[in-house]
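The values are calculated or read from the model by the stated rules, or taken from the named source; none is laboratory data. Please read these numbers as outputs of a predicted model, since none were measured by experiment. Neighbour counts are summed over all protein chains in view; Cβ atoms, including those assigned to glycine, are modelled from backbone coordinates with ideal geometry.
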Amino acid sequence: MAEQRRGERLQKVLSRAGVASRRGAEDLIREGRVTIDGRVAVLGDRVASAGEPPVAVLVDGEPIRRHAASRYVLLNKPSGYVTTRSDPEGRPTVMDLIPDRWRRRLKPVGRLDYATEGLLLITDDGDLAYRLTHPRFGCSKRYLAKVRGLPADSAIARLRGRMVIAGRRTAPVRLTRAPTRRGARPARASSWWEIELVEGRTRQIREMFFRVGHPVQRLRRVAIGRLEDAELPLGSWRELSADEVAALRGGSGPGPGKGHRGPRRRKPRRR
């Protein structure tokens, strides 16, 4: 029995190799698309860890990339791009903004709407992607939203509470009025708000403000857990430092007021 428990769960190995999320890897195994040394894998299978005899793991007949170093790209997504690897409607995707040689391996972590801007992690590290997107790990995402008008106190209370969206109640959100830039004239037609989510739903922020009568005019993600970068130009990307990756792995919850940046931050690049 002890011998069967050696190694790592197969879905974790597939996730770390960038094949799919853990849940997606489980689906691949159930569908019989994964083999271990020529045998069709089943849920519960484990794969040898480092130092143990290696095995051949194939998905759809192709060997997985088990031990190559993962790559982590931070993109400041502009409006007008879909957060997918490809789009059946032919719209530009976030993958068009990163180097061609990386597109086959990397996948965006989570989603930003077509019209939403901001920080997006793109990686082949499925294990980290799982940690950043699964609600049980509590990775917060912080946004700035420009909305029509100025919500009243009653509307703000509704926004901070738990709304029913798509049949389920949302988790409470942190909502604060974003400070006005020094010297800027106050605008009555719109206002800026900072929103922090732990459990994000599709178009949740837009739907929330729409329901209280203050539609979102512009939306930008400014932080993923402890990671933020106010200096990365729109449409540009850079690779994360080792310190930043470690911070995402070990402390994906709400971070300090200032964003975490590794000491060896690379210059942003455009295509």
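The sole residue among Arg85, Arg105 that is outside any strand (DSSP E or B), in contact (Cβ under 8 Å) with a residue 40 or more places away in the chain and of a type in the set (Lys, Arg) is Arg105. Scanning the range 83-110 for residues that are surrounded by fewer than 20 Cβ atoms within 10 Å (Cβ to Cβ), hydrophobic (A, V, I, L, M, F, W, C) and either under 20 Å from Pro233 (Cα atoms) or modelled with pLDDT of 95 or more (or both) turns up just one, Ile98. Among the residues making up the range 152-180, a single one is loosely packed, with under 12 Cβ neighbours inside 10 Å, within 23 Å of the chain's Cα centre (by Cα) and among the polar types (S, T, N, Q): Thr176. Considering only residues in the range 196-214 that are hydrophobic (A, V, I, L, M, F, W, C) and either under 17 Å from Pro135 (Cβ atoms) or outside the structural domain of Arg158 (by TED's automatic domain parsing) (or both), the one that is farthest from the chain's Cα centre (by Cα) turns out to be Ile205. Listed here are the strands (runs of 3 or more DSSP E) enclosed by the range 119-210 that have at least 2 residues being modelled with pLDDT of 95 or more and within 30 Å of Ile98 (Cβ to Cβ): 141-148, 190-197.
If only residues of the range 231-251 that are in a loop (DSSP other than H, G, I, E, B) and out of contact with any strand residue (DSSP E or B) (no Cβ under 7 Å at 6 or more places or on another chain) are counted, the one that is surrounded by the most Cβ atoms within 10 Å (Cβ to Cβ) is Ser241.
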